[in-house]
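A short reminder: the numbers here are calculations on the coordinates, not readings from a lab. Predicted model, so just to flag it, every value in this text is computed and none were measured. With ideal geometry, Cβ positions are generated from the backbone for all residues, glycine too; neighbour counts draw on all protein chains shown.
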Amino acid sequence: MTEAEIRRLACEILSDIAPDTDPATLAGDKDIREGLDIDSMDFLNFIIGLNKRAGVAIPEEDYPKLFTMDGVVAHLIRETQDLPGAQ
């Protein structure tokens, strides 16, 4: 997955979780939970959505790496580069 694809995917998932927000305006280094005012259950649903839609397992110890959009991008790029069909 490319950076743009990951950001688009993350924004789609976050828009479903917090429909009254615009995740695309969130700065890359801003904490997603604070920036979108989502609670821990919403964040867990975000992780589950990333897991299902990106096709990668995200262990609980990696959750803190996904607190920012930049972290989501870096983590998913790293995790998806070895998937079958990855470029």
| field | Whole-number D in µm² s⁻¹ for the chain, Kirkwood Cα-pair radius fed into Stokes-Einstein, 37 °C, 0.692 mPa s | value | 256
| said: Quick check on the chain: helices-only [θ] at 222 nm, where DSSP H runs of length 4 and up contribute -39,500 (n - 2.57) each and the sum goes over total residues. Nearest 500, please. | reply: -16000 deg cm²/dmol
| task | Using label points projected 7 Å from each Cα along Cα→Cβ, tell me how many nm separate GLU5 and MET41, to one decimal. | result | 3.3
| Expressed as an acute angle from 0 to 90° and rounded to the nearest 10, what is the orientation of the C-alpha long axis of helix 3-17 relative to the principal long axis of the chain? | 40
